[in-house]
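Comments concern the structure below.
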Amino acid sequence: MKLFFYDLETTGVKFWRNGIHQISGKIIIDDVVKETFNFHVKPYEKADIDLEALNIAGKTMEDLQNYDSMVSVYTRIIYMLKKYVDKFDKKDKFHLIGYNNASFDNPFFRAFFVQNGDQYFGSWFWSDSIDIMVLASNYLKSERSNLENFKQATVAKYLGIPVDEERLHDAMYDIDLCLQIYQKISG
């Protein structure tokens, strides 16, 4: 089983207007971590940049200008994907996994491919992603009223996973929390 755990940090909440500035994750195949990645990306040149979104991530406009180009990061991602998946084999794909990825990260990630002239996102990933927020919702359904919200950090704390508040909204840290939640609820 090929799992692509990932998280994004973005310049806003609208995938059709904002861009990605960080892509992080882990490739896990048959329960073995094969690769960990953490790319800082100069957003798509036409992307709107919401300063509030940057503040949440602790980033500045200057930070974004010093990141690797979108094309460079895209090329590195494709190189990484090719090591584990044959995009021409319809039965060989990754499961996309993240926290709230179905409604937030996946549209941004797909747009990232399109912005790089690639219409074949579905050649690498199954269309039915695994959203850890949804799995946790099912796992905690009888206890949901005990949680003030269902943000990833709140769920992690409730499950007894230590959370470093200062590191939240760094995609690499967030994907580590996501993986720990997944392991806890999949147990």
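Quick look at the numbers
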{"read-out": "Given (1) under 28 Å from GLN180 (Cα atoms); (2) open to solvent by 80 Å² or more (accessible area, probe 1.4 Å); (3) in a helix (DSSP H, G or I), index of the condition GLY122 fails", "value": "(2)"}
{"read-out": "Single condition ARG76 does not satisfy, out of (1) under 19 Å from ARG110 (Cα atoms); (2) modelled with pLDDT of 95 or more; (3) touching a helix residue (DSSP H, G or I) at 6+ places or on another chain (Cβ under 9 Å)", "value": "(3)"}
{"read-out": "Residue pairs meeting the criteria (Cβ under 6 Å; at least 6 apart or on separate chains; first closer than 27 Å to LEU3 by Cα and β-branched (Val, Ile, Thr), in the stretch 129-148; second open to solvent by less than 100 Å² (accessible area, probe 1.4 Å) and in a loop (DSSP other than H, G, I, E, B))", "value": "ILE132/TYR99"}
{"read-out": "Condition met for SER127 (within 24 Å of ASP170 (Cα to Cα), exposed (fewer than 14 other Cβ atoms within 10 Å of the Cβ) and either in contact with a Phe, Trp or Tyr (Cβ under 6 Å, 6 or more places away or on another chain) or not acidic (Asp, Glu) (or both))", "value": "no"}
{"read-out": "Check on PHE108, under 30 Å from GLU165 (Cα atoms), within 15 Å of the chain's Cα centre (by Cα) and either touching a residue at least 40 places away in the same chain (Cβ under 8 Å) or open to solvent by 70 Å² or more (accessible area, probe 1.4 Å) (or both)", "value": "yes"}
{"read-out": "All positions within the stretch 19-39 that are farther than 16 Å from ASP63 by Cβ, touching an Asp or Glu at 6+ places or on another chain (Cβ under 8 Å) and open to solvent by 10 Å² or more (accessible area, probe 1.4 Å)", "value": "LYS26"}
{"read-out": "Residue match in the stretch 84-93 (condition: open to solvent by 20 Å² or more (accessible area, probe 1.4 Å), free of Cβ contacts under 8 Å to residues at least 24 places away in the same chain and hydroxyl-bearing (Ser, Thr, Tyr))", "value": "no"}
{"read-out": "Odd one out for LEU81, checked against (1) closer than 20 Å to THR36 by Cα; (2) in contact with a helix residue (DSSP H, G or I) (Cβ under 7 Å, 6 or more places away or on another chain); (3) surrounded by 16 or more Cβ atoms within 10 Å (Cβ to Cβ)", "value": "(2)"}
{"read-out": "Residues of the stretch 148-187 that turn out to be of a type in the set (Lys, Arg) and modelled with pLDDT under 95, as a count", "value": "1"}
{"read-out": "Qualifying residues in the stretch 63-78 (those that are farther than 16 Å from TYR120 by Cα and aliphatic (A, V, I, L, M)) - the one most open to solvent (accessible area, probe 1.4 Å)", "value": "MET70"}
{"read-out": "From GLY117, GLY98, residue being touching a helix residue (DSSP H, G or I) at 6+ places or on another chain (Cβ under 6 Å) and modelled with pLDDT of 95 or more", "value": "GLY98"}
{"read-out": "Odd one out for TYR44 among (1) in a strand (DSSP E or B); (2) open to solvent by 10 Å² or more (accessible area, probe 1.4 Å); (3) of a type in the set (Phe, Trp, Tyr)", "value": "(1)"}
{"read-out": "Some residue of the stretch 166-174 being open to solvent by less than 30 Å² (accessible area, probe 1.4 Å), under 27 Å from TRP16 (Cα atoms), in a loop (DSSP other than H, G, I, E, B) and of a type in the set (D, E, K, R)", "value": "no"}
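The values are calculated or read from the model by the stated rules, or taken from the named source; none is laboratory data. Since the model is a prediction, treat every value here as computed from it, not as a measurement. Note that each Cβ is placed from the backbone with ideal geometry, even for glycine, and that neighbours are counted across all protein chains shown. When the accessible area is computed, the model is the full protein with side chains, heavy atoms only, and any ligands, DNA or RNA have been set aside. Shrake-Rupley method; radii C 1.70, N 1.55, O 1.52, S 1.80 Å.
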